[in-house]
């Protein structure tokens, strides 16, 4: 018995000695500057502040075929400035192609991905990802273990399909706000740039991933660090700003699908959050009134109520899911070229 006690004490003393002798190592956030340092300071190569090697933030980035480039590359850049350990994860380690043709070989497949503090889910061509039960299962499991899960753009649809947005508030890219509300009926979908539910963070489209990443840094490392990184990447970050692309009134303009042989030339498009006007030239093998009736048929099918029908003009009204009523007007005048018309489509909020 005495020998056992002595042996245990030896092990404990040895462990304590190793722990006492362990040194804190500091490194540059830039992976290419691999030198290790014994104390904090600045990297002698690039001037970035050194970070403790063992305390670096760990970020797992989910990638898939036709992921939107900026949705994950921008957050990688921003979070990288904290000295984070960043790695990519995919269903397999086979190369994937992004929306703009960038070829990426994922670092890990789903089964072998290391633990992380953050799981980043970009948008892009998300339909295959949200139909892949292995991917959804991975996200659900990571959501239990990781500190943050952040989607960018329509990556919110993947989180919705995984059930992570149920009972929460979320946002997505401007053109798919209403669609997300349909896909995720248990989620309150809002027109905001960044929505923070604690663990689950969603952002609007594309560049909003930069704001989401800075917001995450603000939470984890403090406002001064987030502001310093925003300056370092030369980005005008305003966390108090209420601006987001989805609040502009052109996102409320109804889509009109033109015939295959039609040609549309945009001339002007401008407005604000309460009104918008789009002016262009349309060539279509229809009469002026046929073209207006063609548009009316589509709008009525989408819930717009015809309010006015006169020669060369149509107007419709609709109340959206947010309780706001919008008036859309389409006017058409013949151009000098046969079967060509100058078209003006406008929208303005009339109540709500």
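The values are calculated or read from the model by the stated rules, or taken from the named source; none is laboratory data. Quick caveat: nothing in here was measured; it's all calculated off a predicted structure. Note that each Cβ is placed from the backbone with ideal geometry, even for glycine, and that neighbours are counted across all protein chains shown.
Considering only residues that are out of contact with any strand residue (DSSP E or B) (no Cβ under 6 Å at 6 or more places or on another chain) and over 18 Å from residue 149 (Cα atoms), look in the range 53-90 and name the one that is surrounded by the most Cβ atoms within 10 Å (Cβ to Cβ).
81
Could you tell me whether residue 211 is outside the structural domain of residue 346 (by TED's automatic domain parsing), surrounded by 15 or more Cβ atoms within 10 Å (Cβ to Cβ), in contact with a strand residue (DSSP E or B) (Cβ under 6 Å, 6 or more places away or on another chain) and not in a strand (DSSP E or B)?
Yes: the conditions hold for residue 211.
Can you pull out the residues in the range 109-127 that are surrounded by 15 or more Cβ atoms within 10 Å (Cβ to Cβ) and more than 15 Å from residue 200 (Cα to Cα)?
Hits for the range 109-127 are 109, 110, 113, 123, 124, 125, 126.
Out of the range 272-291, which residues are free of Cβ contacts under 8 Å to residues at least 60 places away in the same chain and assigned to a strand (DSSP E or B)?
Once the filter is applied, which keeps residues that are free of Cβ contacts under 8 Å to residues at least 60 places away in the same chain and assigned to a strand (DSSP E or B), the range 272-291 yields only 283.
Check off (1) under 22 Å from residue 255 (Cβ atoms); (2) surrounded by 16 or more Cβ atoms within 10 Å (Cβ to Cβ); (3) more than 15 Å from the chain's Cα centre (by Cα) for residue 182 and give me the number that stays unchecked.
(2)
Which of the residues belonging to the range 330-339 are in a strand (DSSP E or B) and surrounded by 15 or more Cβ atoms within 10 Å (Cβ to Cβ)? Let's see the steps before the verdict.
Start the filter on the range 330-339 by keeping residues that are in a strand (DSSP E or B), which leaves 330-334.
Within the range 330-339, 330, 331, 332 meet the criteria.
Among the residues of the range 244-260, which ones are part of a loop (DSSP other than H, G, I, E, B) and out of contact with any strand residue (DSSP E or B) (no Cβ under 9 Å at 6 or more places or on another chain)? Walk me through how you get there before you give the answer.
Narrowing the range 244-260 to residues part of a loop (DSSP other than H, G, I, E, B): 244, 248, 253-260.
Once the filter is applied, which keeps residues that are part of a loop (DSSP other than H, G, I, E, B) and out of contact with any strand residue (DSSP E or B) (no Cβ under 9 Å at 6 or more places or on another chain), the range 244-260 yields 255, 257, 259, 260.
Spot the failing condition for residue 86; the list is (1) closer than 22 Å to residue 212 by Cα; (2) assigned to a loop (DSSP other than H, G, I, E, B); (3) modelled with pLDDT of 95 or more, and only one is missed.
(2)
Restricting attention to the range 310-329, does a residue exist that is without any contact (Cβ under 8 Å) to a residue 12 or more places away in the chain, farther than 21 Å from residue 250 by Cβ and in a strand (DSSP E or B)?
Scanning the range 310-329, I find at least one residue that is without any contact (Cβ under 8 Å) to a residue 12 or more places away in the chain, farther than 21 Å from residue 250 by Cβ and in a strand (DSSP E or B), so the answer is yes.
Out of curiosity, is residue 218 outside the structural domain of residue 29 (by TED's automatic domain parsing) and loosely packed, with under 14 Cβ neighbours inside 10 Å?
In short, no.
In the range 130-157, what residues are within 18 Å of residue 213 (Cβ to Cβ) and either under 15 Å from the mean Cα position of the chain (by Cα) or outside the structural domain of residue 192 (by TED's automatic domain parsing) (or both)?
Hits for the range 130-157 are 148, 149, 150, 151, 152, 153, 154, 155, 156.
How many residues are within 20 Å of residue 252 (Cα to Cα), in contact (Cβ under 8 Å) with a residue 24 or more places away in the chain and touching a strand residue (DSSP E or B) at 6+ places or on another chain (Cβ under 8 Å) if we restrict to the range 185-195?
Residues that pass the stated criteria total 1.
Tell me, which residue of the range 289-317 that is in contact with a helix residue (DSSP H, G or I) (Cβ under 8 Å, 6 or more places away or on another chain) and closer than 30 Å to residue 189 by Cβ is surrounded by the fewest Cβ atoms within 10 Å (Cβ to Cβ)?
306
Can you name the condition, by its number, that residue 44 falls short on among (1) outside any loop (DSSP other than H, G, I, E, B); (2) farther than 29 Å from residue 211 by Cβ?
Evaluating residue 44 over (1) outside any loop (DSSP other than H, G, I, E, B); (2) farther than 29 Å from residue 211 by Cβ leaves (1) as the failure.
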